[in-house]
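Structure first, commentary second.
The values are calculated or read from the model by the stated rules, or taken from the named source; none is laboratory data. Every value quoted in this text rests on a predicted model; they were computed, and no experiment measured them. Counting neighbours? That spans all protein chains shown, and the Cβs are built from the backbone with ideal geometry, glycine included.
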Amino acid sequence: MDRDPREIPAVLAEWILTYGGHDAGARGSMDSLCTAAVQALNQARSRPGRDREAASALLAADALLTAACAMSSEAEDPDAALVRITGEVGDGGG
């Protein structure tokens with residue numbers, strides 16, 4: 001049986017909890033993925049240099065942002081969804 005494409009892998013749900021501060025359950029929303037990605041990216045940027053935790057946060061940010069962008073293709077207006085994602089990431093979530 002194929003997995004529902006809207007289901008997110010367990011590692012993404014864990015990162016949403018770690019960086020986004022809430023449990024995503026089996027499905028993450030584009031907003032929860034993006035929020036967690038921005039927080040992970042901010043954490044990575046706050047630890048410059050060769051730091052294992054920063055590298056892990058950067059990898060999480062990449063995966064979360066990639067999933068948010070993929071999910072945007074299912075939005076009512078995919079272009080607007082991508083603009084919103086890039087705006088949030090571009091201003092550091094604030």
Say whether the condition of being of a type outside the set (S, T, N, Q), surrounded by fewer than 19 Cβ atoms within 10 Å (Cβ to Cβ), at pLDDT 80 or above and in a helix (DSSP H, G or I) is met by at least one residue in segment 32-41.
no
Of all residues in segment 1-31, count the ones that are modelled with pLDDT under 70 and among the charged types (D, E, K, R).
6
Restricting attention to segment 31-45, which residues are closer than 14 Å to A70 by Cα and of a type outside the set (S, T, N, Q)?
D31, L33, C34, A37
Listed by first then second residue, the pairs whose first member lies in segment 76-90 and is without any contact (Cβ under 8 Å) to a residue 60 or more places away in the chain, whose partner is part of a loop (DSSP other than H, G, I, E, B), with beta carbons under 7 Å and at least 6 positions apart or on separate chains, are A81/A75
Look through segment 50-87, keep the residues that are in a helix (DSSP H, G or I) and among the basic types (K, R), and return whichever of them is nearest to A36 (Cα to Cα).
R84
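For every residue, the table says whether it meets (1) surrounded by fewer than 17 Cβ atoms within 10 Å (Cβ to Cβ); (2) out of contact with any His (no Cβ under 7 Å at 6 or more places or on another chain); (3) within 17 Å of S29 (Cα to Cα).
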residue: A44; (1), (2), (3): no, yes, no
residue: R52; (1), (2), (3): yes, yes, no
residue: S56; (1), (2), (3): yes, yes, no
residue: L64; (1), (2), (3): no, yes, yes
residue: A67; (1), (2), (3): no, yes, yes
residue: S72; (1), (2), (3): no, yes, yes
residue: A75; (1), (2), (3): yes, yes, yes
residue: V83; (1), (2), (3): yes, yes, yes
residue: T86; (1), (2), (3): yes, yes, yes
Which count do you get for residues in segment 37-61 that are among the hydrophobic types (A, V, I, L, M, F, W, C) and either farther than 16 Å from D91 by Cβ or more than 13 Å from the chain's Cα centre (by Cα) (or both)?
7
Which ones in segment 39-60 are touching a Phe, Trp or Tyr at 6+ places or on another chain (Cβ under 8 Å) and hydrophobic (A, V, I, L, M, F, W, C)?
A40, A57, A60
